[in-house]
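Following: one structure in structure tokens, then a few remarks.
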Amino acid sequence: MTTATTALVRRPEDFVLSGPLGSLDQYTQAVNSIPVLSAEEEHELATRLQEHGDLDAARALVLAHLRFVVHIARGYSGYGLQLGDLIQEGNVGLMKAVKRFDPEVGIRLVSFAVHWIRAEIHEFVLRNWRLVKVATTKAQRKLFFNLRKAKSHLGWLNAEETEAIAKDLGVTPREVTEMEKRLSGRDMSFDPGPSEAEEYSPSAWLPSPDRDPASFVEEEDWTESTHTHLNDALRQLDDRSRDIVARRWLGESKWTLHELAAEYGVSAERIRQIEANAMRKLKALMPPETVEAL
């Protein structure tokens, strides 16, 4: 057994990341200080783990490869998730890889572990990136990660780019387009706080729990009845009077007396008189309770 291997196996406390490190930078610095294993040391440790269940050997293998997990996790920093969480999930994948690693296959542990590390990070991203899952099938998951990477420098895909990506990933252009739509969406807070300006949040459209359905129906009927009476009365006015009342009171931007006077080529006082007469006629044509409501 070499000196380096002996140190890793017999004195793992030299490399254990004990206690809080304070920041991600400190963690990264700590894992980068752990020596990288040679092929011979790695093979010896993996053999001890496989044949004797040596947990110190397993720990030494994991510790020596933590730096690679950090490197892989950084590639997923564009999903809006904490890098520390991504590293943690990647470490889980590394431990699974160490447990399943066969030193007699003839490959280095890092080559074997990268697939397990990425698999755990992928699962974490899919679980936490969106409240509603954007990828459920194997093809959709493949599209999710590859299409997002392509769109980072392509923007919205045209027909030619869609065809090329579909051919490259072995899916249909329709599946590529569907995944692109899903990626362009965003989650919405159900009940946003004061700092979140969600104009169309779901909670804003729910009825109040203490709302009386009978009162709601009554208000709806009353509003509809009032509008009906008003429209019937307006139809009985002459065209000019109806137009003046509508522009003065019923439009989003209300006209002034002088603007209407210029429109009709009369004085502002004449417009005021026409308006006053029209309002008296409307009140006479509508039920008293409707007039009071208006």
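The values are calculated or read from the model by the stated rules, or taken from the named source; none is laboratory data. None of these values were measured; they are calculated from a predicted model. FYI the Cβ positions are ideal-geometry reconstructions off the backbone, even for glycines, and counts take in every protein chain you see.
Report every pair of residues separated by at least 6 positions or lying on different chains whose Cβ atoms are under 8 Å apart, first residue within region 218-235 and more than 14 Å from L282 (Cβ to Cβ) and assigned by TED's automatic domain parsing to the domain that holds N277, second in a helix (DSSP H, G or I) and at pLDDT below 85.
So the pair list comes out as W222/A293; S225/T290.
Regarding region 32-39, can at least one residue be identified that is modelled with pLDDT of 85 or more, surrounded by 13 or more Cβ atoms within 10 Å (Cβ to Cβ), of a type outside the set (A, V, I, L, M) and assigned by TED's automatic domain parsing to the domain that holds R118?
yes
Can you tell me which residue in region 197-244 is modelled with the highest pLDDT, limited to those that are more than 28 Å from I271 (Cβ to Cβ), of a type in the set (A, V, I, L, M) and assigned to a loop (DSSP other than H, G, I, E, B)?
Among those that are more than 28 Å from I271 (Cβ to Cβ), of a type in the set (A, V, I, L, M) and assigned to a loop (DSSP other than H, G, I, E, B), it is L206.
Need pairs with beta-carbon distance below 8 Å; first residue surrounded by fewer than 14 Cβ atoms within 10 Å (Cβ to Cβ) and within region 242-260, second of a type outside the set (F, W, Y) and part of a loop (DSSP other than H, G, I, E, B); sequence gap 6+ or separate chains.
Note: no pairs meet the criteria.
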